[in-house]
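The values are calculated or read from the model by the stated rules, or taken from the named source; none is laboratory data. Bear in mind the structure is a predicted one, so any value in this text is a computation, not a measurement. Note: ideal-geometry Cβ built from the backbone for every residue, glycine included; neighbour counts use all protein chains shown.
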Amino acid sequence: MKAAVLHEPGSVSVEELPEPAVGADEVLVQVRAASVCGTDLRIFKHGHFKLPAGQARVLGHEVAGDVVAVGGQVTGFHPGMRVSVTPNVGCGRCDMCRHGFNNMCADYEAFGITMDGGFQEFLRVPGFAVQRGNVFELPEGISYAEAALVEPFSCCYSGQQALRVGPEDVVVIAGAGPIGAFHVLLGKLAGARKLIISNRSRPRLDLAARLGADVCVSVRERDLADVVREHTDGRGADVVITAVSDPQVQAQAVDLLATHGRLNYFAGLGTAGSVPVDTNKVHYKGLTLTGTTGSTNGDYGRCLQLVGDRRVDLSPLVGQVFELEKIHDAFAYAASGAGMKAMIAFGGDVFDTAPGTGPRTAPPEGR
């Protein structure tokens, strides 16, 4: 099978690897669509603290495909089932896991980091990931491309749940990339009174407008704070979401809030450092500052159902589709800020809604 293998930061090559054999408690998924995440780009450029130097790894954790083989001990899954796989597998023992927060487990495993991920034709799902609820059957009618996007969408859902976005809220979303676009869709779904989104480039703002943003601000042309004051009669925003890894954006966020405003630092800064926070404003205005990372399997299941029920359409966020051999082009597109999500296709249409029927030989049980 073909796989895009990271050997060290900056070095990814498409190679022929043996197709994985499936163990007695495991599931093998033929990948149909895998989208490129900002985390993939950071690992490609800088590595990851859970990925030892010299350890080759297949990246990719936003994945959908078809079950093609199951081990003899597996129940609930069968060949031909259309599925998606969530990336973070909790240990199942710690307090976070026991409270349902597999995304906050300190001893987690993750596809594309500690385990090979979805930028390969066949993905082996270990038994512990199957048992801990990381494999989801797709609802009827949802395409593989949309299913691959449910993972980042669910991360945004987790952020908005922390903010309790509702119909009385003026919501400001700083950053109109894929994450900002997901937040627009969720804000509309929550019935937000007004959605204001900002960005440097105009094309992404145009898409945000088509998705339902009420006010689109090019920060090259207007000061975001002035626009927020104009649209709130000087009161400020009820909710602010930082959807871009920019220290200046995070530093400004508190200043945009109204009394009792809520803020979610959604995008991390990585190695970009830290920003000062005016704690007097937090104190005297009664502000709530939140941070969220990833999503729980419960969040993911709810979002998969939202898409399956057609309450939200994620397909406009597929910016460009690439074959696996063009993985470097896909990474470059994702990093360019020019469009939306880069999607890797595996010999078929990522917008298919039926399982593939191509010939294959099922691998034997074992390792």
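Tell me yes or no: at least one residue of the range 32-45 is aliphatic (A, V, I, L, M), part of a loop (DSSP other than H, G, I, E, B) and over 24 Å from C156 (Cβ atoms). So that I can check it myself, show each step before the final result.
Of all residues in the range 32-45, those aliphatic (A, V, I, L, M) come to 33-34, 36, 41, 43.
Now narrow it down to the ones that are part of a loop (DSSP other than H, G, I, E, B): 36.
From what's left, over 24 Å from C156 (Cβ atoms): none.
No: the range 32-45 contains no residue that is aliphatic (A, V, I, L, M), part of a loop (DSSP other than H, G, I, E, B) and over 24 Å from C156 (Cβ atoms).
Which one is surrounded by the fewest Cβ atoms within 10 Å (Cβ to Cβ), of the residues in the range 68-91 that are within 22 Å of the chain's Cα centre (by Cα) and not hydroxyl-bearing (S, T, Y)?
Here is the first cut: in the range 68-91, the ones within 22 Å of the chain's Cα centre (by Cα) are 82-91.
Among the residues that remain, those that are also not hydroxyl-bearing (S, T, Y) are: 82-83, 85, 87-91.
Working: R82: 24, V83: 21, V85: 28, P87: 27, N88: 25, V89: 26, G90: 26, C91: 16.
Selected residue: C91.
Among the residues of the range 285-300, is there at least one that is more than 26 Å from P87 (Cβ to Cβ), in contact (Cβ under 8 Å) with a residue 60 or more places away in the chain and assigned to a helix (DSSP H, G or I)?
no
Based on this model, can you work out whether L149 counts as in contact (Cβ under 8 Å) with a residue 12 or more places away in the chain, touching a helix residue (DSSP H, G or I) at 6+ places or on another chain (Cβ under 7 Å) and not small (G, A, S)?
Numbers: in contact (Cβ under 8 Å) with a residue 12 or more places away in the chain: yes; touching a helix residue (DSSP H, G or I) at 6+ places or on another chain (Cβ under 7 Å): yes; not small (G, A, S): yes.
Yes; evaluated as a whole, the condition is true for this residue.
Of these, G291, G301, which one is within 19 Å of A190 (Cβ to Cβ), modelled with pLDDT of 95 or more and either out of contact with any strand residue (DSSP E or B) (no Cβ under 9 Å at 6 or more places or on another chain) or surrounded by fewer than 18 Cβ atoms within 10 Å (Cβ to Cβ) (or both)?
Numbers: G291 fails: within 19 Å of A190 (Cβ to Cβ).
Residue meeting the stated conditions: G301.
Residue by residue through the range 48-72, note down the ones that are touching a helix residue (DSSP H, G or I) at 6+ places or on another chain (Cβ under 6 Å) and either within 22 Å of D107 (Cβ to Cβ) or of a type in the set (S, T, N, Q) (or both).
L59
All but one of (1) in a helix (DSSP H, G or I); (2) within 27 Å of D238 (Cβ to Cβ) hold for E146; which doesn't?
Looking at each condition in turn, E146 falls short on (2).
What tally of residues in the range 114-143 results from selecting those that are in a strand (DSSP E or B), under 20 Å from the mean Cα position of the chain (by Cα) and either under 17 Å from G298 (Cα atoms) or not aliphatic (A, V, I, L, M) (or both)?
4
Any residue at all in the range 279-287 that is under 30 Å from A69 (Cα atoms), surrounded by 20 or more Cβ atoms within 10 Å (Cβ to Cβ) and either at pLDDT 95 or above or out of contact with any Asp or Glu (no Cβ under 9 Å at 6 or more places or on another chain) (or both)? Reasoning before the result, please.
So the first thing to find is which residues in the range 279-287 are under 30 Å from A69 (Cα atoms), and the list is none.
No, the range 279-287 has no match at all.
From the list G80, G65, exactly one residue is under 26 Å from L304 (Cβ atoms) and in a loop (DSSP other than H, G, I, E, B). Which is it?
On the way: G65 fails: in a loop (DSSP other than H, G, I, E, B).
Exactly one residue qualifies, and that residue is G80.
Please go through the range 111-121 and pick out each residue that is buried (at least 19 other Cβ atoms within 10 Å of the Cβ) and more than 16 Å from A148 (Cβ to Cβ).
I113, D116
Every residue in the range 156-180 that is within 18 Å of G308 (Cβ to Cβ) and either hydroxyl-bearing (S, T, Y) or out of contact with any helix residue (DSSP H, G or I) (no Cβ under 8 Å at 6 or more places or on another chain) (or both), please. Give the derivation first.
Just the residues of the range 156-180 that are within 18 Å of G308 (Cβ to Cβ), to begin with: 156-157.
The one that is within 18 Å of G308 (Cβ to Cβ) and either hydroxyl-bearing (S, T, Y) or out of contact with any helix residue (DSSP H, G or I) (no Cβ under 8 Å at 6 or more places or on another chain) (or both): Y157.
Do any residues in the range 9-24 that are in contact (Cβ under 8 Å) with a residue 24 or more places away in the chain and more than 30 Å from T75 (Cα to Cα) have Cβ atoms under 6 Å from those of residues that are of a type outside the set (A, V, I, L, M, F, W, C) and assigned to a loop (DSSP other than H, G, I, E, B), where the two are at least six apart or on different chains, and which pairs are they?
P9/G47
Please verify whether the range 220-232 includes one or more residues that are within 27 Å of the chain's Cα centre (by Cα), more than 28 Å from A338 (Cβ to Cβ) and either in the same structural domain as D95 (by TED's automatic domain parsing) or not in a helix (DSSP H, G or I) (or both).
Checked against the condition, which is being within 27 Å of the chain's Cα centre (by Cα), more than 28 Å from A338 (Cβ to Cβ) and either in the same structural domain as D95 (by TED's automatic domain parsing) or not in a helix (DSSP H, G or I) (or both), the range 220-232 yields no hits at all.
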